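**Student:** For reference, the structure I am asking about is given below.
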Amino acid sequence: MATKRITANLPEELLDDAVRTTGKGITGTLIEGLQLVRRARAYEKAMALKGKVRFDIDLEISRERDAG
């Protein structure tokens, strides 16, 4: 994975709390936080599809098993 060096101004108390919570260093904590943001967005997209995806499946045919 390629990395990118950044400079950011973060609230000290928020960062300290996050580092304590994860038990990781600053970089590990920021990576975990960014991954959580990505997962949350994917979840929001999936929930937006709720009830909109239609499947045309014949359950009787799909449940048939080879008796042989």
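Each value in this text was obtained by applying a stated rule to the coordinates, not by laboratory testing. If you're wondering where the values come from, they're calculated on a predicted model, not measured in any experiment. For neighbour counting, all protein chains shown are included, and Cβ atoms are generated from backbone atoms with ideal geometry for every residue, glycine included.
**Student:** Filter the trypsin sites (Lys or Arg not before Pro) in the chain down to the DSSP loop ones having no more than 13 other Cβ atoms within 10 Å, then list what survives.
**Tutor:** Those satisfying the criteria are 4, 5, 50, 52, 54, 65.
**Student:** Just how large is the dipole of the chain about the Cα centre, in debye to the nearest 20, putting +1 at every Lys and Arg Cβ and -1 at every Asp and Glu Cβ?
**Tutor:** With Lys and Arg at +1 and Asp and Glu at -1, about 260 debye.
**Student:** Something else: Measure nothing but the geometry: give the 0 to 90° angle between the long axis through the Cα atoms of 26-48 and the longest principal axis through the Cα atoms of the chain, rounded to 10°.
**Tutor:** 30
**Student:** Angle check, please: helix 12-22 long axis (alpha carbons) against the longest principal axis of the chain (alpha carbons), in degrees 0 to 90, nearest 10.
**Tutor:** Taking the Cα atoms of the chain, the angle to 12-22 is about 50 degrees.
**Student:** For volume of the Cα convex hull per residue in Å³, one of (1) 232; (2) 92; (3) 53 was computed from the structure I shared and the rest are decoys. Which label?
**Tutor:** Calculated volume of the Cα convex hull per residue in Å³: the matching label is (1).
**Student:** Once fully extended, how much extra length lies between residue 64 and residue 52, figured as 0.36 nm per residue of separation less the alpha-carbon to alpha-carbon distance?
**Tutor:** 1.6 nm
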